[in-house]
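Here the structure comes first, spelled out in structure tokens, and everything after it is commentary.
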Amino acid sequence: MSQVVTRFAPSPTGFLHIGGARTALFSWLMARQAKGRFLLRIEDTDRERSTDQAIEAILASMRWLGLNWDGEAVYQSRRIERHNQAVDELVRKGRAYWCECPPEEVQAMRDRARQRGLKPKYDGTCREKGLGPGPGRAVRLKTPLSGSTSYQDLVKGPIVVDNQELDDMVLRRSDGTPTYNLAVVVDDHDMGVSHVLRGDDHVNNTPRQITIYRAMGWPEPAFGHVPMILGPDKKKLSKRHGALSVMEYERLGYLPEALVNYLARLGWSCGDKEIFSRQELVELFSVDNLGSSAAVFDLKKLDWLNSQYIQAGDQARLAGLLAEFVNRRTPGAGRAEDLARVVPLLKPRAKTMVEMADKAGFFVADARSLAYDQKAVDRFLDPQAKALIREFAAALEEAAGFSRQALEQAAKSFLDRRGLKFKALAQPVRVAISGAAESPGLFETMEALGRDQTLGRLKRAADL
Ligand code: GLU
């Protein structure tokens, strides 16, 4: 088989949303699995609605997700001349024609057809007039008048459209600009695309695009249309359901591999397996297992996957990321070297990096600036508890080491000497060192904080 070439062709009229990211991922997987090429084309011909900011955001999202593309991104707007060449070629071959019908006239034809219960379409007035170029003239495709156009959709199966239903579509508008379907066909052809995977909002364009391929005498690629993502209420996915742009998920503290895993599983399955490394996805992905019905977005599942990836995550990388998230709130407060000590404690407790940064707040605070939760103070730091904390701090000054085990030993002998139970010390010390009634394991936390911070905090709490 010749080389597999797929592409992602976003219109930069907004940020990259997860629906688009999922189609991009499927195209990427298909290319990587076949050791083919994955291309990126920015469909920026709608100059009014396309923005540089959206282009940047799309590129940043693709990079963050690790969906690397081969070669330079192609900008559709820079290819208008080439699109027009193709239109001219179709006219030369007699497969397209100039049309002088003004838009109001075309609208009236459509209305008349609709009134007669027919598909609204252009009636072919100029089809055989043999007009040449001229002001106000558009170019239309000579769509076959009989027969049907069919193809085997990679996801939806066989699709057949009666050619009677297809319009003599405009290929070049009267202002000289090529139309969307024409541009897509010329670009996909020139880029050597072998498989077009895209959202099923484009399924109606495909038979039209196929008629252009056939008129040009070009082989057509295989097409697959991926169903939409729906919200839990089975309505089109929107912000209301928690659907955000890809970079918003980054800001919320999701790991790219968790989002990739999540998106891959949304509408694609491989037995009961839920967690897939990138390598496994590349090996196991198959268009044959893409579901043909809409997938339902489930934020809880994304959270679950993200927590799994955090738990399994590399320590140093997570410490670097955690420092970034801490610094986003308090610039300069997070240092990866320090945070590396607290990452193992927080890993099992955080669904997102934002949550981890929340929980790391006490750790990055200075002994003098640590904020205390007043409720926890009222409940656990009565005068008696404070006296005990002061004595415990003094005992720790003498402690041989500051490892978890040494601390546990020190606490045990401290309590034994006084005939007290661990309970008497645990919550007061926890509040003293973390500012709150909840924290990771006491001795691990003390170890991670280190001697100076721990003792400083115990003394400050004793003085509260
Ligand atoms: N630019 C189109 C979109 O963003 C995609 C076109 C295609 O994939 O063929 O919806």
Flag for ARG208 being open to solvent by less than 20 Å² (accessible area, probe 1.4 Å), of a type in the set (Lys, Arg) and in contact with a Ser or Thr (Cβ under 9 Å, 6 or more places away or on another chain)
no
Counting only residues that are open to solvent by less than 60 Å² (accessible area, probe 1.4 Å) and in contact with a Gly (Cβ under 9 Å, 6 or more places away or on another chain), which one in region 155-171 is nearest to VAL203 (Cα to Cα)?
VAL155
Within region 196-205, of all residues that are within 9 Å of the ligand (Cβ to nearest atom) and open to solvent by 10 Å² or more (accessible area, probe 1.4 Å), the one nearest to THR6 (Cα to Cα) is ARG198
Within region 91-110, of all residues that are small (Gly, Ala, Ser) and closer than 13 Å to THR143 by Cα, the one surrounded by the fewest Cβ atoms within 10 Å (Cβ to Cβ) is GLY94
One residue from SER434, SER413, SER439 being more than 19 Å from PHE362 (Cα to Cα) and among the hydroxyl-bearing types (Ser, Thr, Tyr)
SER413
Condition (residue is among the β-branched types (Val, Ile, Thr) and at pLDDT below 95) applied to region 194-202: is it met by at least one residue?
no
Before we move on, is MET109 more than 14 Å from the ligand (Cβ to nearest atom), outside any loop (DSSP other than H, G, I, E, B) and aliphatic (A, V, I, L, M)?
yes
Could you list, in sequence order, all residues of region 73-88 that are among the aliphatic types (A, V, I, L, M) and either open to solvent by 40 Å² or more (accessible area, probe 1.4 Å) or within 30 Å of the chain's Cα centre (by Cα) (or both)?
ALA73, VAL74, ILE80
Mind listing whichever residues of region 20-35 are in contact with a helix residue (DSSP H, G or I) (Cβ under 9 Å, 6 or more places away or on another chain), open to solvent by 10 Å² or more (accessible area, probe 1.4 Å) and either away from the ligand (no atom under 14 Å from the Cβ) or more than 13 Å from GLY66 (Cα to Cα) (or both)?
GLY20, MET30, ARG32, GLN33
Test each condition in (1) open to solvent by less than 50 Å² (accessible area, probe 1.4 Å); (2) away from the ligand (no atom under 14 Å from the Cβ); (3) over 27 Å from PRO178 (Cα atoms) for ASP70 and report the one that comes out false.
(3)
What are the pairs with Cβ atoms under 8 angstrom where one residue, in region 270-281, is closer than 12 Å to ALA258 by Cβ and the other, located anywhere, is of a type in the set (Gly, Ala, Ser) and open to solvent by less than 50 Å² (accessible area, probe 1.4 Å)? Sequence gap at least six, or different chains.
PHE276/ALA264; ARG278/GLY66
Exactly one of LYS142, LYS129 is under 30 Å from GLY224 (Cα atoms) and either in contact with a Gly (Cβ under 6 Å, 6 or more places away or on another chain) or in contact (Cβ under 8 Å) with a residue 12 or more places away in the chain (or both), and that one is LYS142
Under 7 Å between Cβ atoms, at least 6 apart or on separate chains: pull out the pairs that start in region 194-220 with a residue that is within 21 Å of LEU290 (Cα to Cα) and end on any residue that is more than 11 Å from the ligand (Cβ to nearest atom) and assigned to a helix (DSSP H, G or I).
HIS195/MET30; LEU197/PHE26; LEU197/MET30
Take the conditions touching a His at 6+ places or on another chain (Cβ under 6 Å), among the hydrophobic types (A, V, I, L, M, F, W, C) and either within 11 Å of the ligand (Cβ to nearest atom) or open to solvent by 10 Å² or more (accessible area, probe 1.4 Å) (or both) and apply them to VAL193. Does it pass?
no
If you go through region 245-281, how many residues are more than 14 Å from ASP303 (Cα to Cα), hydrophobic (A, V, I, L, M, F, W, C) and open to solvent by 20 Å² or more (accessible area, probe 1.4 Å)?
2
Within 13 Å of the ligand (Cβ to nearest atom), surrounded by fewer than 16 Cβ atoms within 10 Å (Cβ to Cβ), on the phi < 0 side of the Ramachandran plot and polar (S, T, N, Q), is that true of THR13?
yes
Is it true that ARG114 is modelled with pLDDT of 95 or more, farther than 24 Å from HIS225 by Cα, of a type in the set (Lys, Arg) and more than 16 Å from the ligand (Cβ to nearest atom)?
no
How many residues of region 36-71 are without any contact (Cβ under 8 Å) to a residue 12 or more places away in the chain and assigned to a loop (DSSP other than H, G, I, E, B)? The answer is 1
GLY130: open to solvent by less than 50 Å² (accessible area, probe 1.4 Å) and away from the ligand (no atom under 16 Å from the Cβ), yes or no?
no
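The values are calculated or read from the model by the stated rules, or taken from the named source; none is laboratory data. In this text, all values refer to a predicted model and were calculated from it rather than measured experimentally. Cβ: placed from backbone, ideal geometry, glycine included. Neighbour counts: every protein chain shown. SASA here: full protein model, heavy atoms, side chains in, ligands and nucleic acids out. Shrake-Rupley method; radii C 1.70, N 1.55, O 1.52, S 1.80 Å.
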